[in-house]
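A quick write-up on the structure given underneath.
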Amino acid sequence: MTFKADTPLSHDVHPANNREARRGGVKPSLLILHYTGMSSAAKAIDWLGRSESGVSCHYVVDEAGRITQLVPEEQRAWHAGVSYWRGETDINSHSIGIEIHNPGHQDGYPDFPPDQMAAVIALSKDIVRRHRISPDNVLAHSDVAPGRKIDPGEKFNWLLLAKEGLGLWVRPSPVRADDPGLGLGASGSRVLRAQERLASYGYDVEATGTLDPGTEKVIRSFQLHFRPRRVDGRLDRSTEVTLERLIEASRKRAAA
């Protein structure tokens, strides 16, 4: 069960039981960031290593920045669950998963400490360099599992990662108190355009022109990552403009 760490940045190896070959022999092209949602990193590492947990991940980064590897990068870890990105549904086979210790929204949701963020950045840069993962394929768990997952959440500093070449980021358009946005049941060209743009970026949303519960979940996930000032699942101008900026940035990166 034991294995050699894939990176010199790893402080420890704690082999997880729930691991297997990547299906179809695919190579990782996504990096998925999570939070543990448990009271301590030690408990998270213990649980993620157990067969009965039904889950696992490649790495855990504790609040002090200590990195533990649980699954070899060449293998499939069970971290993403039911998920989707750009037409792919077996995200586990196509990704590497990092669990960042944080008790989560249900237990205070503290800030991510600087030492922890520095370790996450160093580890992520090492992973994307070795696997040639594109910046826009560094994602949140909430991006690939809208409505089901909300981690690592609105406090996670994606701007800090983007400054290090990790993840695509654009300046969010300011939130206006006098613009509550469109909510459930709204329909029309604004909703259709947002759905089309969200889908083109990679989210699992159908372009129907109606803001249904599925679309609301995707908008909320987009806001968690790219417009965290107000996460409400409503389609306001701030969300629309931020999405427009993201699509344009993505196009420019692809053209380059």
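The values are calculated or read from the model by the stated rules, or taken from the named source; none is laboratory data. Values in this document were obtained by computation on a predicted structure and should not be read as measured data. In this analysis, Cβ positions are derived from the backbone assuming ideal geometry, glycine residues included, and neighbour counts consider all displayed protein chains. Ligands, DNA and RNA are excluded from the accessible area calculation, which covers all protein heavy atoms including side chains. Shrake-Rupley method; radii C 1.70, N 1.55, O 1.52, S 1.80 Å.
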Would you confirm whether any residue within the range 216-224 is open to solvent by 80 Å² or more (accessible area, probe 1.4 Å) and touching a Ser or Thr at 6+ places or on another chain (Cβ under 6 Å)?
no
Being closer than 21 Å to Trp158 by Cα, of a type outside the set (Gly, Ala, Ser) and either modelled with pLDDT of 95 or more or under 15 Å from the mean Cα position of the chain (by Cα) (or both) is true for just one of Val82, Val60. Which residue is that?
Val60
Give, as residue ranges, the strands (runs of 3 or more DSSP E) completely inside the range 1-67 that count at least 2 residues that are among the β-branched types (Val, Ile, Thr) and open to solvent by less than 40 Å² (accessible area, probe 1.4 Å).
59-61
Residues of the range 205-215 being open to solvent by 10 Å² or more (accessible area, probe 1.4 Å), assigned to a helix (DSSP H, G or I) and out of contact with any Pro (no Cβ under 9 Å at 6 or more places or on another chain), which ones?
Pro213
Here are the criteria: (1) part of a helix (DSSP H, G or I); (2) under 27 Å from Glu20 (Cβ atoms); (3) touching a residue at least 12 places away in the same chain (Cβ under 8 Å). Tell me which single one Gly81 does not satisfy.
(1)
Among the numbered criteria (1) more than 9 Å from the chain's Cα centre (by Cα); (2) in a loop (DSSP other than H, G, I, E, B), which single criterion is violated by Leu161?
(2)
Consider the range 68-88. How many of its residues are crowded, with 21+ Cβ neighbours inside 10 Å and under 30 Å from Gly214 (Cα atoms)?
6
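So which of Asp151, Asp179, Asp204 is over 29 Å from Pro103 (Cα atoms) and at pLDDT 95 or above?
Asp179
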In the range 172-204, residue most open to solvent (accessible area, probe 1.4 Å) [restricted to those that are part of a loop (DSSP other than H, G, I, E, B) and under 16 Å from Ala140 (Cβ atoms)]
Asp204
Can you find a residue in the range 108-117 that is more than 20 Å from Arg23 (Cα to Cα), open to solvent by 20 Å² or more (accessible area, probe 1.4 Å), of a type in the set (D, E, K, R) and not in a helix (DSSP H, G or I)?
yes
Report, by residue number, each residue of the range 118-132 that is open to solvent by 70 Å² or more (accessible area, probe 1.4 Å) and more than 17 Å from the chain's Cα centre (by Cα).
Arg129, Arg130, Arg132
Among all residue pairs at least 6 apart or on different chains, which show Cβ distances below 6 Å where the first residue, located in the range 232-251, is open to solvent by 10 Å² or more (accessible area, probe 1.4 Å) and the second is of a type in the set (S, T, N, Q)?
Val241/Ser173
Those residues of the range 36-67 which are among the small types (Gly, Ala, Ser) and touching a residue at least 40 places away in the same chain (Cβ under 8 Å), in sequence order
Gly37, Ser39, Ser40, Ala41, Ala44, Ser56, Ala64, Gly65
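Does Asp136 satisfy being among the acidic types (Asp, Glu) and crowded, with 22+ Cβ neighbours inside 10 Å? Walk me through how you get there before you give the answer.
Values: among the acidic types (Asp, Glu): yes; crowded, with 22+ Cβ neighbours inside 10 Å: no.
No, not satisfied.
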